[in-house]
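A.B. asks: First the structure, which I've put down as structure tokens, then a few questions once you've had a look.
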Amino acid sequence: MRLLEKLAKLCAILAGVLLTIITLMTCASLLGRNTIGITLVGDFELTGVAAGAAIALFMPWCQLRRGNIIVDFFTAKASDATNAVLDRFGALLLGAAMALLAWRAALGGVNAYTTNSGTMMIGFPEWVVYAAMVPPLALTALIGLAQAVRGFEVEVTQ
């Protein structure tokens, strides 16, 4: 589980760096547009693709920290043992869903690569975004499956 934790932290750090770069690019584009009339062409496209990759990169850390929304309206009065079983089952379902997303994103990336698909304004290759999304989605699936098997007793270090 320690290896999964380190990989999840790395993904979260990469997502933060990516969003910081996109924020700085957007600020530069806005300043240029509003002061000297020059803008970065395709800045909104790069923001969109980076946001998609960043969301996927934040998912492993979110699952590891149990940061996903849990609706416990029906289980609030259930025993701790029942809630533990349901939490593990939820982790299993999330792991399966993330594995499915990773698989489909991999196929989408291969398709985008073979068709040479790119964004409209600057032609940024779409397969790059898919390639950036597949590893963190697969890591989230592994974390979910590990939590389903081992439970949530493992304390996450800061």
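A.B. asks: Would you compute, from DSSP H runs of 4+ residues alone, the mean residue ellipticity of the chain at 222 nm, taking -39500 (n - 2.57) per run and dividing by the full residue count, rounded to the nearest 500?
C.D. replies: After summing the helix terms and dividing by residue count, I get -26500 deg cm²/dmol.
A.B. asks: Using label points projected 7 Å from each Cα along Cα→Cβ, tell me how many nm separate residue 81 and residue 65, to one decimal.
C.D. replies: My value for the distance between the label points is 3.3 nm.
A.B. asks: Given the options 81, 25, 51, identify the residue whose Cα lies farthest towards the positive end of the charge dipole of the chain (+1 on Cβ of Lys, Arg; -1 on Cβ of Asp, Glu).
C.D. replies: Towards the positive end, the residue furthest out is 81.
A.B. asks: Return the label of the correct value of mean projected area of the Cα convex hull in nm², as calculated from the structure shown, out of (i) 10.4; (ii) 19.8; (iii) 11.6.
C.D. replies: (iii)
A.B. asks: Given a Förster distance of 35 Å, report the FRET efficiency between residue 21 and residue 110 from their Cβ-Cβ distance, rounded to the nearest 0.05.
C.D. replies: E(calc), rounded to 0.05, equals 0.85.
A.B. asks: Arrange 47, 140 by Cβ neighbour counts within 10 Å, fewest through most, would you?
C.D. replies: So the residues, fewest neighbours to most, are 47, 140.
A.B. asks: While we're on this one: Order these peptides, 116-129, 50-63, 97-110, by their mean beta-carbon neighbour count within 10 angstrom, highest first.
C.D. replies: The densest-packed peptide leads the list: 50-63, 97-110, 116-129.
A.B. asks: In what sequence do 1, 133 fall when counting other Cβ within 10 Å, fewest first?
C.D. replies: 1, 133
A.B. asks: Here's something else I'd like to know. Please list the non-local residues whose amide H lies under 5 Å from the amide H of residue 118, H modeled 1.01 Å from N, same-chain partners needing a gap of 5 or more.
C.D. replies: Placed amide hydrogens put 126 under 5 Å from residue 118.
A.B. asks: Please give, to one decimal in nm, the separation of the simple spin-label points placed at residue 128 and residue 1, each 7 Å out from Cα toward the Cβ.
C.D. replies: 3.8
A.B. asks: Okay, next question. Give, as ranges by residue number, the residues of the stretch 9-29 whose backbone N falls under 13 Å from the point 7 Å along Cα→Cβ of residue 36.
C.D. replies: Residues 28-29 fall inside that zone.
A.B. asks: While we're on this one: Separation of the stretch 103-142 and the stretch 40-87 by C-alpha centroid, Å?
C.D. replies: 20
Readers should treat all values here as calculations from the given coordinates under stated rules, not as data from a laboratory. Keep in mind it's a predicted model, so treat the numbers as computed, not measured. Here the Cβ is made from the backbone with ideal geometry for all residues, glycine too, and neighbour counts use every protein chain on show.
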